[in-house]
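Just so it is clear, none of the values below were taken in a lab; they were calculated from the coordinates. Fair warning: this is a prediction, and the values are worked out from it, not measured in the lab. FYI the Cβ positions are ideal-geometry reconstructions off the backbone, even for glycines, and counts take in every protein chain you see.
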Amino acid sequence: MSGGVFLQAVITGLAVGIVYGLVALGFTMVYALTRVYALAHGDIVVGSVFIGVLAVLGSTPIASTPSGMDSVWLVLVVLGAGAALSAAVYAVAMRPFIGIAGARAADAVGWVTGAIAAGLAIREVLGLVFTREAYAIPDALHLSALNGSGVVSLPGDTTVQVRFFGVFVIGLIVALITQQLLMRGKLGLALRASSDDPETAGLLGVPVERLVLLAFVVAGALAGLAGLLDAPGRPLSLDAGVILGLKAIAAAYIGRLGSLHGALLGGLVLGVGEQLAVAWPTLGAEYADVMPLALLVAILALRPEGLRGHVAEPVE
Amino acid sequence: MSVIEVASDLYLLLAVLGLAASVQYAGLPILGQGAFVAVGGFGTVLLAQHGMPLGIAVLLSVLIAGAAGYLLALGAARLSGAALALATWVLAWLVQAILIAFPSTFGGGQGLTRSTPTHLVSPWLGVTLTITPVAHLVIGALLCALALLALWRMDRGPVGLELAAMRSGPGLAASLGVPVGARRRSVLAVSASLGALGGAGGAVLLGTIAPTDVSPLLSLQLLVAVLLGGSLRPFGPVLGFAVVAALPHLADAIASGANVPQERMRGALTALLLVVALAARRPAGALLSPVISRLQLRRQPLPGTSTSDRALTRVVNTDGEPPLVARNLTVNFGAVHALDGLSLELRAGEVHAIVGPNGSGKTTLLRVLSGAMTPAAGEVRIDGTAVPSGQSTRVRAGVARTPQRTVLLPGMDSLSEVSVGARAAVRTPGAGTRHLAVTPQSRRDDEQLTAGASAALHLVGLSERSGLSTGSLGAGEQRLLQVARAAATGAHVLLLDEPAAGTTPAERRRLIAAIRNLADRGVAVCVVEHDMRFVGAVADRVTVLESGRVLASGDPATIRRNPEVRRAYLGDDVESA
């Protein structure tokens, strides 16, 4: 692998990885607070993008650069749709099965199946409207316009899309700000308490209902942002959400499960690792999905507390 | 419906029945049955393409899937239900991603094809057999019937009792000596094998298999079929599958009417069915449970054994070390010392009460002694040997515990409930298989099991309740039943966590008699109890805990006089009373 190709893979990987990191951040936040997996999260990323497109541009979007007003609306609708979808999935499909603060035992089959059914419903119902295999999504954040050509030259006659730099910087800034804000508020207090010692936090009654809902809303908005950053890069299929969500879960597990920094770091590690595998001469693009999923299965089987973890998963 | 469609559905039903073994019987949430169907289908076609005889190809791919299921459970031994659901869901997507990522092997989106109908040629016998769709129909129906029969037989046998305990929670099952990990492995291997067999049958029948045939959506549809079946065993999943099998036809009709993509409509309806299956789970179960309990055959206590408690008698070696010795047990919760270097002996034939204020470490002590919790330091010796933590390990070593809160298995009668414990006493290798094969030995196993359970019921004075559903018993009788269930394991060290909670005075007298009876037969009984009058009536020795340490220990009269105890605990008690 030449230096240029390597650099290209790393830059692409950081951009892909920060998207995983944003989704993983939301997943981890929800997990740390409630010990449930937000399994519809990937579908919320893609679903919120398509809802934004449907609301602003209609069901047959064209990939041309949207106007200023449309861009603003797109960003607002996608972020709002992400938050709303996430809250709705929680309230409708998961809340009935989660025992808050030990009030009653959580019904794992219930909330797992509920969340997966919700994710399935999101992509299939949108699929009734968006009937094509995949769509080119307009770039609401105009990141390709950061320079004239849209690409940056790297050594060895290779190039990388300029939007990847924008994706990485925006994603990183938002992720870090979110973490800082979270750590100051009540949500942060609850998060720290329950990630240190879930049982005690539960006994203290820390995760009150409103905080859990807030966590889902914030996670949903982060998912919407991840969609805005990720979607314009390639033809987007409604079915891409599940794998994206599972990769984010893999990222959360690579970082210590339950740690916000770990989730972000895990996303970057996974993104760069995936792009290096794709660029590796003997591997290739077919490993982009296979590798992270296989890694996640292996982690779940061997280290269910996450790669950096020390907190054992409670066996029910 | 054509013959081919029915035969194809029968093969899918086989995968559903396999999944039912994990989901409906063992209570394991498996969301990736489609992955095993894929291994069977793609494996068979691939191996046959490489020149392997078809029968061997089917067998080999079924074995591979079974081994994969076994390995998955081996890896997932420590996983909670939710993590297992996640792991299997990821597996479904991983297999799908692999099928799509390597088109040169798996044929890409088109998948693989082979010629149909299949001709089986035997050069030795000089015959050629053609497997027509009708033959597939017969094979599929036979396999499903066999699977149903096996599930039905298993449910009523020793393994069925263990799986019932696992459904209520791995913790309870382990506390009754069920080898949870081993059961998980075999159940998952069976699920995966039947899934693969269904996949192989379908691929041979249709002559084609594509990634979309074994997508994660299929995994969800198979799960829906099992969930819709509720707790109705063994036919619930068949009814559930009838609904699922009708789904594509309904979806396609709606889709063509509304002019939307068929695949999307199928997915949307699957999501709807999942929600329906979840929402209907409890009410439907409650609605059907009177019918179900009437359908279940009652095991009658065998004449001659119901009034005898010989089956519970244990020869206890009273020489040397006491049956249970704990040394320097230390457990910390953060900065709190729940147990602070605590040492304790439980002697054969002695009832040893543990008392102390709330938070003094009583329940933690029982959890450590029963193996449910590993102490940070210290050891537990049973009959002179240090035994590692782990509840089923301790039960095998002869230490059983009753839970603090009443936990009973739903939908069981009292005798079966206690039989779950008795199973630990008469555990013999291969009992489950023998039961499936209805060997003469299995009948003797059953009789031994029933005799042990009856004796335990007799011990706590619940013989007359043996045929009644546990849910219909009073709260106090349920406490007694828990004691019987633990005693039925044949343990010579019994740990009872507040056994008298919620009992009436009459029941308390029965409980005291039962505990004394156990002690008279050499069992070391440890009782954690708040009710001091109960302690005074039952205990030979009282140990008072405070802040994870032994404050005092001795016979009840001495303890009552101990000034330190009066100040720390009894005085407290008087004030609050």
>> Once R0 is set to 22 Å, what does the formula 1/(1 + (r/R0)^6) return for the Cβ-Cβ distance between A:ALA55 and A:ALA88, expressed as a FRET efficiency to the nearest 0.05?
In response: 0.85
> Binning every alpha carbon pair distance of the stretch B:48-90 at 5 Å from zero, what are the percents per bin?
Replying inline: 6, 21, 19, 15, 11, 11, 10, 6, 1
>> Given N residues in the stretch B:113-157, what is its alpha carbon radius of gyration divided by 2.2 N^0.38 Å?
In response: 1.67
> Can you give the % of DSSP beta bridges in the protein assembly as shown that are antiparallel, to the nearest 5?
Replying inline: 65
> Rounded to two decimals, what ratio of Rg to Rh does the stretch B:9-79 give with C-alpha atoms and a Kirkwood Rh?
Replying inline: 1.02
> Taking the radius of gyration and the Kirkwood hydrodynamic radius from Cα positions alone, what is the Rg/Rh ratio for the stretch B:162-249, to two decimal places?
Replying inline: 1.06
> Among B:SER175, A:ILE243, B:PRO499, whose Cα sits farthest toward the positive end of the charge dipole of the protein assembly as shown (+1 at Cβ of Lys/Arg, -1 at Cβ of Asp/Glu, about the Cα centre)?
Replying inline: B:PRO499
> For chain A, what is the calculated [θ] at 222 nm in deg cm²/dmol (nearest 500), taking -39500 (n - 2.57) for each run of four or more DSSP H residues and dividing by its residue count?
Replying inline: -22000 deg cm²/dmol
> Which one of A:VAL297, A:VAL19, A:VAL218 has the biggest mean-square fluctuation once chain A is modelled by GNM with Cα springs under 10 Å?
Replying inline: A:VAL297
> How high is the FRET efficiency between A:LEU76 and A:ARG234 when r is their beta carbon distance and R₀ equals 25 Å, given to the nearest 0.05?
Replying inline: 0.60
> Most fluctuating residue of A:TYR135, A:TYR20, A:TYR287 in a GNM of chain A with Cα springs under 10 Å: which is it?
Replying inline: A:TYR287
>> Using the Kirkwood radius over C-alpha pairs as Rh, can you work out the diffusion coefficient of the stretch B:464-561 via Stokes-Einstein at 4 °C, viscosity 1.567 mPa s, in µm² per second?
In response: 89
> Taking the inverse of the average 1/r across all pairs of different Cα atoms in the stretch B:400-524, what Kirkwood radius in Å do you get?
Replying inline: 14.7
>> Please give the Cα centre distance for the stretch B:435-456 versus the stretch B:207-247, rounded to the nearest Å.
In response: 35
> In the Gaussian network model of chain A, springs joining C-alpha atoms below 10 Å, which of A:SER86, A:SER48, A:SER59 carries the largest mean-square fluctuation?
Replying inline: A:SER59
> Along the charge dipole of the protein assembly as shown, Cβ charges K/R +1 and D/E -1, which of B:LEU91, B:MET154, B:ALA245 sits furthest on the positive end?
Replying inline: B:MET154
>> If I stretch the segment between B:GLU5 and B:SER115 completely, what's the gain in nm (0.36 nm per residue apart, minus their alpha carbon distance), one decimal?
In response: 37.8 nm
> Add -39500 (n - 2.57) for each DSSP H run of 4 or more in chain B, then divide by its residues: what number comes out at 222 nm, to the nearest 500 deg cm²/dmol?
Replying inline: -18000 deg cm²/dmol
> Shielding of B:95-108 by partners, i.e. mean partner chain Cβ atoms within 10 Å per residue?
Replying inline: 3
> After finding the eigenvalues of the alpha carbon gyration tensor for chain B, what semi-axes result from the square roots of 5 times each, listed largest first in whole Å?
Replying inline: 53, 24, 22
> What translational D, rounded to a whole number of µm²/s, comes out for the stretch A:1-91 from Stokes-Einstein when the hydrodynamic radius is the Kirkwood one over Cα pairs, at 20 °C and 1.002 mPa s?
Replying inline: 140
>> Give the separation of the Cα centroids, the stretch A:1-64 to the stretch B:65-86, in Å.
In response: 28
>> Given points 7 Å out from each Cα along the Cα-Cβ axis, report the B:ARG327 to B:LEU250 separation in nanometres with one decimal.
In response: 6.6
> Just the Cα atoms of the stretch B:385-454: what Rg and Dmax do they give in Å?
Replying inline: 14.0, 39
> Along each of its three principal axes, how wide is the spread of alpha-carbon positions in the stretch B:94-249, in whole angstrom units, largest first?
Replying inline: 54, 41, 33
>> Using the Cα centre of chain A as the reference point, and only Cβ charges (+1 on K/R, -1 on D/E), how large is the resulting charge dipole? Debye, rounded to the nearest 20.
In response: 540
> If you put +1 on each Lys and Arg Cβ and -1 on each Asp and Glu Cβ, how big is the dipole of the protein assembly as shown around its Cα centre, in Debye rounded to 20?
Replying inline: 1580
> With no solvent and one point on each alpha carbon, what is the Debye value of log10 I(q)/I(0) for the stretch A:29-170 at q = 0.16 Å⁻¹?
Replying inline: -0.92
>> Of all beta bridges DSSP finds with both residues in the stretch B:425-577, what is the antiparallel percent, to the nearest 5?
In response: 50
> For the stretch B:75-137, what relative contact order do you get, as a whole percent, if you take Cα pairs closer than 8 Å and at least 6 residues apart?
Replying inline: 15
> If you average over every viewing direction, what projected area does the convex hull of the Cα atoms of the protein assembly as shown give, in nm²?
Replying inline: 42.0
> Reported to two decimal places, what Rg/Rh ratio describes the stretch B:45-118 when computed on Cα atoms with Rh from the Kirkwood expression?
Replying inline: 1.07
>> Between the stretch B:320-362 and the stretch B:463-539, how far is it from one alpha carbon centroid to the other, in angstrom?
In response: 21
> Of the listed peptides B:514-520, A:39-45, B:419-425, what is their order by residue-averaged count of other C-beta atoms within 10 Å, with the highest listed first?
Replying inline: A:39-45, B:419-425, B:514-520
> How big is the C-alpha Rg of chain A next to the rule-of-thumb value 2.2 N^0.38 Å, as a ratio?
Replying inline: 0.98
> Suppose every K and R has +1 on its Cβ and every D and E has -1 on its Cβ; what is the size of the dipole of chain B about the Cα centre, in Debye to the nearest 20?
Replying inline: 440
> With labels modelled as points extended 7 Å from the Cα through the Cβ direction, what inter-label distance (nm, one decimal) is found for B:ARG549 paired with B:ALA145?
Replying inline: 7.3
> Taking the Cα-to-Cβ direction at B:LEU71 and at A:SER67 and moving 7 Å from each Cα, how far apart do the two end points lie in nm?
Replying inline: 5.8
> Relative contact order of chain A: what whole-number percent is it, with Cα pairs under 8 angstrom and at least 6 residues apart?
Replying inline: 35
>> For Cα pairs less than 8 Å apart in space and 6+ apart in sequence, what is the mean separation divided by the residue count of chain B, i.e. the relative contact order in percent?
In response: 17
> What would the Debye formula give as log10 I(q)/I(0) at q = 0.13, 0.14, 0.17 Å⁻¹ for the alpha-carbon point model of the stretch B:508-565, no solvent?
Replying inline: -0.35, -0.41, -0.59
